[in-house]
Amino acid sequence: MTLLIALLLVIGLAGFAYLAARARAGKMIVAAAGRFGAVHSRPVYHGAYVAVLALAPALIVLAGWSLVGERWIEQQVVGALPAAEQPVDKLDRAALMNEVRGLVAGDLPQAFNPVAPKLAPVYAAAVANGDLLAGALAVALLCGGGLWGYGRIRPDFRARTAVESQVQAVLLLASVVAILTTFGIVLSLIFESIRFFGMVSPVEFLIGLQWSPQTALRADQVGSTGSFGAVPLFWGTIFIGAIIAMLVAIPLGLLSAIYLTQYAAPSLRRWMKPVLELLAGVPTVVYGFFAALTVAPLVRQLAVAVGMSDASSDSALAAGLVMGIMIIPFVSSMADDSLTAVPRAMRDGSLAMGATMSETVKKVMVPAALPGIVGGVLLAVSRAIGETMIVVMAAGLAANLTANPFSSVTTVTTQIVALLTGDQEFDSAKTLSAFALGLVLFCMTLVLNIYALAVVKRYREAYE
Amino acid sequence: MATIAASAAAPLERQPTDWASPEMQGRIAARYRAERNFRRLGAGALMVAAGFLAFLLFTIVRDGWTGFLRTEARVEVMFDAATLGVDPAALRGPGAQAVLARADYVALMDKAALQLGPASDMLSDAAWLALRDRLVADPTLIGRTETLWVPVRSSIDLLAKGKYDLDAPADSRGVTDREVSDWRWLDSQGRLRTVFNQAFIGNADSTEPELAGIGGAALGSLFTLFVTIAIAFPLGVFSAAWLEEFAPRGRLADIIELSINNLAAVPSIIFGLLGLAFFLNYAGLPRSSPLVGGITLALMIMPVIVIAARVAIQAVPPSIRDAALGIGASPIQVVFQHVVPLALPGIMTGTIIGISRALGETAPLLLIGMRAFVTDTPQGLTAPATVLPMQVFLWSDDVQRGFVEKTSAAIMVLLFILILMNSVAIYLRNRFERRW
């Protein structure tokens, strides 16, 4: 609460600094009586310069406090206890702090831990003191920065140049967020995966054939270890995403693209392209619902009709079929681009030799556009193996190593969701294995993407 | 040299092709047949894709349109002060609202339901809410009788909408004989009506299908997208402006560009893992909240905005920059007063496409706990909330039959918003984008 007041105060003061600096610069212009070039920058720049000088350090202090403050308070609170009563491990400590917080906020009528009521006033005092301290420091920095900046306002001070370099710094910071995000992803995946591989050997994870991540609560229970051989998951992912889905998406997408680029009237093309794009715009949860509710029963009926009595209601085929339909626009738009990029002379030459359009397409256009089409297919595969909702809703959880499309298989993404939703203890191998799976998925899609983009790029260069 | 001479000297063995021969005519016919077949194949592929989309939309609308309706039963309610357990005298005092809020509406509802005879327990468990709302709106009703329409149980609702196949054998049709006979009785008494389901639009989630609504999820989506836009739009535009206009060619710009291109292709669920490991477990931000969901989605769609904004900025011709620089504008002024405003339609189109992706996204939000069962509309950016696609996912998992039509109806709302957003994007592109 104090922190929010401090924030509002800081912003208000910075606004005041802006107005004051702008007014002072305005007076300078009046004093200069309109002599050209007597005052370098317009008053708004002086104002903005002073406001930024005042605001930036104060905001950094407040942001830093809101990040590390809670830990400092925790130390204060736990440190107030005699050494014998201090919680031993991290979990006890967190539980105690939660109770103390609940007591102070009034959510908890009574605490389980006998020491918690004693600590509540300590906590409240630490929060109040800390917030006050941080707020005071922020305001002091604000006044210091503001006054220093205010003192620098002179007719020849280049406020605009200064403000512009500040703006450039902000732009650079915004761009760096992309790097930070990439690093954040890589680090959090690797960090948690290393902890997982401390418990389970990477060899077992990468080549083991048995996946059953359930670990028992007690060590003496039967089957308590859990086994983490991820090959069935990799196979399920490839089977659904790279085989069944592609068997649907490649012919349909490629033929659609050929028809739209070579045969269709412009008006049909104008209408059909958005329709195909709409297929890509439908949320995946909708496809998942459709796959589970409409397609899966149909597939099961089909399987029973051809004599498979044990057909699963969450078959690989249902999920793969729907995923293939979803992927069509990715394949077709890449194929469309590649086919249009084939030099017109090649197509006209073939037609002029007497080849029919289909012969031209099959013998000239598609071979010439092949690298682009292959690149598009690879991108589509990487998209399909990372797809989550369709497989979560329509594919099963049983880790089967089978090539029967009517039986149930599970995928990497399904397992990540299954492992991380519901009850979770953060330090168990079961939970951590999701991050190892995530790391594998990240690497697979990364390699596919880099390779696909390289293929497409080389192909583009060949015709430019 | 010798071979050419030899071949020239050799007598011509091949005769000129006789195009009129039956054999050649047959080959030509076969080639044209292949051409026609190939063309039909292409048209067929296109039809399959479009037909699938039409089938998808058809089944969703067929199952979902009844979700916007609900069945209500007519009951005459005597607002009896004794049953309600309120003192009529207290209602005239200043604490009247508090007294009304504490009254025993369930008992009153149970009493009123007796007039439905055999079907008295076929009213919704929350039918009493209708009585409360009515009485709080008009406290003078105490002691008087009023005719009210209250929601019925989901099974009766579905029967009234004809969702059950009554010719099927009793054990496989999913509804008991008693429910069917109760419904027939209520219907024959003229006590049922089907009206627009306001609860579906206004309410949050509920365990009872007849009370569940998308209001809470829609508000959660709004909060989440607010955070997403507030973060992703400035970040995206600033990065694009820096990369296009200021970045010195060098390693830093290359690394940023590589990061953005890779982030654009990272599966969405990986962003969920980042949100879980970093924002929840490391930074300790509140679980299930629109704040964390919004930040996660913002990181996910930022590359989309950056890429669209860069293309739009590239399309602004250099003469604009040169002219502005020529009359004395500084580089920052050129970018923010000329280039970015001119590129804005393209930037907006990319942003809307990114936001519509964020609106339909479910997977990363699953991992940061936004699948929580939230029966109240979200209270703020840090309170637990759910979003529209997540509501679809949660309902699709529910075993109760009444949720099937709710799921499809929620999908209809979601698709409607998405199509609307994309139409706006297309309109902006056609209306404002300039070709130089």
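The values are calculated or read from the model by the stated rules, or taken from the named source; none is laboratory data. Remember, predicted model here, so these are calculated numbers, not experimental data. Using ideal geometry, Cβ is built from the backbone for each residue, glycine included, and neighbour counts are taken over all protein chains shown.
Here are some notes:
- Subset tally (residues that are of a type in the set (Ser, Thr, Tyr) and either more than 27 Å from B:ASP205 (Cβ to Cβ) or loosely packed, with under 15 Cβ neighbours inside 10 Å (or both)) for the range B:84-109: 0
- With a requirement of 2 or more residues that are of a type in the set (S, T, N, Q) and within 39 Å of the chain's Cα centre (by Cα), the helices (runs of 4 or more DSSP H) lying completely within the range B:79-186 that satisfy it span B:154-160.
- Hits in the range A:273-304 (condition: of a type in the set (Ser, Thr, Tyr) and surrounded by fewer than 23 Cβ atoms within 10 Å (Cβ to Cβ)): A:THR294
- Filtering the range B:164-213 to residues that are basic (Lys, Arg) and surrounded by 17 or more Cβ atoms within 10 Å (Cβ to Cβ) leaves only B:ARG191.
- When the residues of the range B:367-381 are filtered to those that are surrounded by fewer than 24 Cβ atoms within 10 Å (Cβ to Cβ) and facing another protein chain (nearest Cβ under 10 Å), the one that is nearest to A:GLY438 (Cα to Cα) is B:GLY369.
- Some residue of the range B:56-68 being away from chain A (no Cβ under 14 Å), crowded, with 16+ Cβ neighbours inside 10 Å and within 39 Å of the chain's Cα centre (by Cα): yes
- Yes/no for B:ARG357 being basic (Lys, Arg) and farther than 24 Å from B:PHE223 by Cβ: no
- Of all the criteria given as (1) in a helix (DSSP H, G or I); (2) over 30 Å from A:ALA20 (Cβ atoms), the one not satisfied by A:PHE112 is (1).
- Leading residue by the ranking (surrounded by the most Cβ atoms within 10 Å (Cβ to Cβ)) among those in the range A:357-408 that are farther than 15 Å from A:PHE330 by Cα and among the polar types (S, T, N, Q): A:THR388
- Qualifying residue in the range B:396-415 (condition: within 9 Å of chain A (Cβ to nearest Cβ) and surrounded by fewer than 20 Cβ atoms within 10 Å (Cβ to Cβ)): yes
- Residues considered: B:ILE305, B:ILE270, B:ILE295. Of these, the only one that is more than 24 Å from B:ALA241 (Cβ to Cβ), in the same structural domain as B:LEU381 (by TED's automatic domain parsing) and in a helix (DSSP H, G or I) is B:ILE270.
- Selection within the range B:264-280 - facing another protein chain (nearest Cβ under 8 Å) and aliphatic (A, V, I, L, M): B:ALA265, B:VAL266, B:ILE269, B:ILE270, B:LEU273, B:LEU274, B:LEU276, B:ALA277
- For the range A:139-184, a residue qualifies if it is farther than 20 Å from B:ASN262 by Cβ, of a type in the set (Gly, Ala, Ser) and surrounded by 14 or more Cβ atoms within 10 Å (Cβ to Cβ), and the qualifying residues are A:GLY144, A:GLY145, A:GLY146, A:GLY149, A:ALA159, A:ALA162.
- Residues of the range A:283-296 that are in contact with a Leu (Cβ under 9 Å, 6 or more places away or on another chain) and facing another protein chain (nearest Cβ under 7 Å): A:PRO283, A:VAL285, A:VAL286, A:PHE290, A:THR294.
- The set of residues from the range B:69-92 being under 11 Å from B:ALA103 (Cα atoms) and polar (S, T, N, Q) comprises just one member, B:THR83.
- Condition check for B:ALA283: modelled with pLDDT under 95, in contact with a Leu (Cβ under 8 Å, 6 or more places away or on another chain) and within 11 Å of chain A (Cβ to nearest Cβ): yes
- Of the residues A:THR431, A:THR411, A:THR421, A:THR445, the single one that is among the polar types (S, T, N, Q), surrounded by 24 or more Cβ atoms within 10 Å (Cβ to Cβ) and either in contact with a Cys (Cβ under 7 Å, 6 or more places away or on another chain) or within 12 Å of chain B (Cβ to nearest Cβ) (or both) is A:THR411.
- The range B:110-154: number of residues that are under 16 Å from B:LEU211 (Cβ atoms) and surrounded by 14 or more Cβ atoms within 10 Å (Cβ to Cβ): 17
- Hey, B:ARG287 out of contact with any Asp or Glu (no Cβ under 7 Å at 6 or more places or on another chain), touching a residue at least 12 places away in the same chain (Cβ under 8 Å) and basic (Lys, Arg) or not: yes
- Number of positions in the range B:237-263 that are closer than 26 Å to B:ARG357 by Cα and either of a type in the set (A, V, I, L, M, F, W, C) or more than 8 Å from chain A (Cβ to nearest Cβ) (or both): 13
- Residues located in the range A:238-256, provided they are within 27 Å of the chain's Cα centre (by Cα) and either within 11 Å of chain B (Cβ to nearest Cβ) or free of Cβ contacts under 8 Å to residues at least 12 places away in the same chain (or both): A:GLY241, A:ALA249
- Some residue of the range B:3-26 being outside the structural domain of B:ARG401 (by TED's automatic domain parsing), within 39 Å of the chain's Cα centre (by Cα) and at pLDDT 90 or above: no
- In the range A:327-356, the residues that are crowded, with 18+ Cβ neighbours inside 10 Å and facing another protein chain (nearest Cβ under 10 Å): A:ILE328, A:PRO329, A:SER332, A:ALA355, A:THR356
- When B:ALA218 is tested against (1) hydrophobic (A, V, I, L, M, F, W, C); (2) under 30 Å from B:PRO303 (Cα atoms); (3) more than 20 Å from the chain's Cα centre (by Cα), just one condition goes unmet, and that condition is (3).
- The range A:169-203: number of residues that are in a helix (DSSP H, G or I) and farther than 30 Å from A:VAL52 by Cβ: 17
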